[in-house]
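Q: Have a look at this one before I ask anything.
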Amino acid sequence: MGKLLERRKMMNQKFSWKKLLVHLVLFAGLGVTIFPFLWMVLTSFKTSGEAMQIPPTIFPKKFITVAYTQIVSSLPFARIYFNTILSTVITVVAQLLFCAMAGYAFARIKFPFKNLIFILLLSVLMVPGQIFLIPQYLIIQKMGLLDSIPALFIPNLFSAFGTFLMRQFFLSLPEELEEAAIIDGCNRYQIFGKIMLPLVKPELVTLSIFTFKFAWNDFMWPLIVNTSPKNMILGPALSTLQGQYTTQYPMQMAGAVMAVIPVILIFFLFQKQFIEGVAQSGIKG
């Protein structure tokens, strides 16, 4: 009996050491992940001299908000923020609508060359997005929308990734639901809107978070298509703070802090649905 208790005690000690080691590794990973964010926030409260000081200092000698007032005064920040929010909201709503409909069609509706069209759609994901910049620019130019707000979101109203994601979600639903709805006299639009969409709410939230993050942080396309500050979004606008010979690092960090706050809030508000949607997408389909 005594030997059995000693063996259990040794097993508990080994388990505790393993658990401690796992937590130490996790804390180390957390530190590596969160340190750049903390550095950005702390640098936004420094002076230009402190931000470029060698050896660098982590904490400012005195917390000042000059960088925040300077960035608001040097750029039409309210207009830029509004442009970013407007472009992001339209992109998210459009992709939820179009990708959900396309994903449902590929998952549930039989039509000619469905598999071939879906393969061609997936091939878009295998090509770098920079390849589409020139054709998209020429299309926007011929539409007469260069340097305008619609030019920011028109190419992003639909995505192959969102369609693939929604197709996998719809495939995970049992076909008996549709069969019962058809027996009750529902058409395709009623089945899609009243039965299928409510069942994939966590997945819609997941897609909306992915799309929100992409649209909010978009840089290359808005930088090319819009040149005037009044029609810019946050990413390209913050890049204009970098001069040819000097860079105002506190101002850039202050702008980055103001830009990242909505993304963090969105994630914490919908983190439960986000985790559920990602877990289901990895298990089913």
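Q: Enter the accessible area per residue of the chain (Å², integer; probe 1.4 Å; all protein chains in place).
A: Per residue, the chain has 63 Å² of solvent-accessible surface.
Q: Okay, next question. If I take R0 = 45 Å and measure r between the Cβ atoms of LEU30 and GLN190 in this structure, what FRET efficiency does the formula 1/(1 + (r/R0)^6) give, to the nearest 0.05?
A: Step by step, r from the Cβ atoms, then E = 0.40.
Q: Right, another one. Which whole-Hz couplings ³J(HN,Hα) result when phi for each residue of segment 94-111 is put into the Karplus expression 6.51 cos²θ - 1.76 cosθ + 1.60, θ = phi - 60°, listed in order with x for Gly and Pro?
A: Once rounded to whole Hz, the list reads 5, 5, 4, 6, 6, 5, 5, 5, 5, x, 5, 5, 5, 8, 10, 9, 8, 8.
Q: Probe radius 1.4 Å, ligands and nucleic acids ignored: give me the carbon and sulfur share of the accessible area of segment 87-232 as a rounded percent.
A: 71 percent
Q: Could you tell me the ratio Rg/Rh of the chain? Both radii from Cα atoms, Rh via Kirkwood.
A: 1.10
Q: How long are the semi-axes of the ellipsoid equivalent to segment 87-232, from square roots of 5 times the Cα gyration tensor eigenvalues, in whole Å, largest first?
A: One finds semi-axes of 33, 16, 13 Å for segment 87-232.
Q: Here's something else I'd like to know. Given the peptides 224-232, 137-145, 164-172, 254-262, arrange them by the average over their residues of other C-beta atoms within 10 Å, most packed first.
A: 164-172, 254-262, 224-232, 137-145
Q: Please give the FRET efficiency for VAL124 paired with LYS272, using the beta carbon to beta carbon distance and R0 = 35 Å, rounded to the nearest 0.05.
A: 0.70
Q: What is the extension gain from ASN115 to THR57, computed as 0.36 nm multiplied by their sequence separation minus the C-alpha to C-alpha distance, in nm to one decimal?
A: This chain segment gains 15.1 nm when fully extended.
Q: Which peptide among 205-218, 43-56 comes first, and what is the full order, when sorted by highest mean count of other Cβ atoms within 10 Å?
A: Final packing ranking: 205-218, 43-56.
Q: Next up: Using a basic spin-label model with each label point 7 Å from the Cα along Cα→Cβ, how many nm lie between PHE219 and HIS23?
A: 3.8 nm
Q: On a C-alpha basis, how far is the centre of segment 102-155 from the centre of segment 169-238 in Å? Whole number, if you could?
A: 15 Å
Q: For a bin width of 5 Å, list the pair-distance distribution of segment 25-159 built from all Cα-Cα distances, rounded to whole %.
A: In whole percents, the pair-distance histogram is 2, 8, 10, 11, 12, 11, 12, 12, 10, 6, 4, 2, 1, 0.
The values are calculated or read from the model by the stated rules, or taken from the named source; none is laboratory data. Since the structure is predicted, the reported quantities are computational estimates derived from the model, not experimental observations. In this analysis, Cβ positions are derived from the backbone assuming ideal geometry, glycine residues included, and neighbour counts consider all displayed protein chains. The area values use the complete protein model at the heavy-atom level, side chains included, leaving out ligands, DNA and RNA. Shrake-Rupley method; radii C 1.70, N 1.55, O 1.52, S 1.80 Å.
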